[in-house]
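The values are calculated or read from the model by the stated rules, or taken from the named source; none is laboratory data. Bear in mind that the values here come from a model prediction, so they are computed numbers and not experimental data. Heads up, the Cβs are rebuilt from the backbone with ideal geometry, glycines too, and the neighbour counts pull from every protein chain shown. When the accessible area is computed, the model is the full protein with side chains, heavy atoms only, and any ligands, DNA or RNA have been set aside. Shrake-Rupley method; radii C 1.70, N 1.55, O 1.52, S 1.80 Å.
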Amino acid sequence: MRSFHEIAFRLRQEWKNIRYLVAPPRLPEIPFAAPFPILPSPHSVAAKTTAEYRSQINHYAAQILQHRFPLLGFELETGPEIDWRKDYLSGKSTGTEYFRRIPYLDPSIAGDHKNIWELSRHQHLVLLAQAYVLDARAEYLQEIATQLESWIAANPFQRGINWASALEVAFRALSWLWILHLVGDRLPAPFVQTLLLSLYRHGLHLEANLSIYFSPNTHLLGEAVALHALGALLPQLPRASYWKNYAGAVVRRQMDVQVQQDGSYFEQSSYYHAYALDMFLFHAVLEPPDSIYRDKLHKMAAY
């Protein structure tokens, strides 16, 4: 039986989603500068990398330029044009209906949603941005812009399978923030404004769809960390201050709720423990924690 508070919360979420569906939010041109001063300087980090590391990065970057992606234990080849809503293993692809109407859990219609979502996390584009910092090859920048423009065109705001999970929206937003940090000052200004608009919409989607009741575990943690990061790193966005304060409070609450006194993660999974530690550490970089948060973080690391 759902409580009155949960029902009211969900109704507010859906009202926001419907408003965004009817009138996708716009964004005036806003100032932008990279890299983000709160994060380590890309070039100072690059200066400390080894030749072996550079070689590995360039190896994977070359594969990505050929649209060959290491994905969930196999290598995915998409060909010249990437279908961002297609499960390449089953060949099934879904359309751009409102995200609530996508039957992403039905493999007979959508294929395996994990394969689709993994590619749209765009972590491979963060690697391309790293490769550019190390090697300054123009094709790396061009590929980043081409893929992101393609993704934005194929996945209108709140439409399609890649909007069906708020956690996937969060992962993608984090990747895009790292791309802006690493190479945002090298990308064309009009394209950066397009990316900022889409990131603004990612933030609005996260704000309207936090997994407070649906999945208050690793999902909620990842979503809140990403929403806070958007507010902390892009204070020029209209909702940035609210996102930073609200999502930051959610993250700190999850440190209290999800991490036990001995430092172990409540789901009792070593992988989820490492995931949560990574998220809590990143949040601590963006917002220096109080002593209670820091002590639990130390316990998590020791555990």
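Conditions (1) surrounded by fewer than 14 Cβ atoms within 10 Å (Cβ to Cβ); (2) modelled with pLDDT of 90 or more; (3) not in a loop (DSSP other than H, G, I, E, B), marked per residue:
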residue: I38; (1), (2), (3): yes, yes, no
residue: K48; (1), (2), (3): yes, yes, no
residue: E52; (1), (2), (3): yes, yes, yes
residue: N58; (1), (2), (3): no, yes, yes
Open item on the list: Looking at F32, F36, can you tell me which residue is touching a residue at least 40 places away in the same chain (Cβ under 8 Å) and farther than 27 Å from E118 by Cα?
Closed with: F32
Open item on the list: Could you go through the stretch 65-85 and let me know if any residue there is open to solvent by 20 Å² or more (accessible area, probe 1.4 Å) and assigned to a helix (DSSP H, G or I).
Closed with: yes
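Only helices (runs of 4 or more DSSP H) wholly contained in the stretch 111-202 count here; list those with 1 or more residues that are in contact with a strand residue (DSSP E or B) (Cβ under 8 Å, 6 or more places away or on another chain). I'd like the intermediate steps shown before the answer.
Numbers: elements: 113-120, 123-135, 138-154, 166-183.
Passing ranges, in order: 113-120, 123-135.
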TODO: Could you grab the pairs with beta carbons closer than 8 Å, sequence gap of 6+ or different chains, first residue in the stretch 271-291 and over 15 Å from H228 (Cα atoms) and modelled with pLDDT of 95 or more, second one open to solvent by 40 Å² or more (accessible area, probe 1.4 Å) and not in a helix (DSSP H, G or I)?
DONE: H273/E267; H273/Y303
Task: Yes/no for E6 being open to solvent by less than 50 Å² (accessible area, probe 1.4 Å), under 30 Å from R239 (Cα atoms) and part of a helix (DSSP H, G or I) - done: yes
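Table: residues versus (1) open to solvent by 10 Å² or more (accessible area, probe 1.4 Å); (2) touching a helix residue (DSSP H, G or I) at 6+ places or on another chain (Cβ under 8 Å); (3) among the hydroxyl-bearing types (S, T, Y); (4) at positive phi.
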site	(1), (2), (3), (4)
L199	no, yes, no, no
H228	no, yes, no, no
P238	yes, yes, no, no
Y246	yes, yes, yes, no
Open item on the list: When you scan the stretch 260-270, do you find a residue that is outside any loop (DSSP other than H, G, I, E, B), in contact (Cβ under 8 Å) with a residue 12 or more places away in the chain and more than 21 Å from V169 (Cα to Cα), even just one?
Closed with: yes
Task: Check on Y213, part of a loop (DSSP other than H, G, I, E, B), open to solvent by 20 Å² or more (accessible area, probe 1.4 Å) and either of a type in the set (F, W, Y) or without any contact (Cβ under 8 Å) to a residue 24 or more places away in the chain (or both) - done: yes
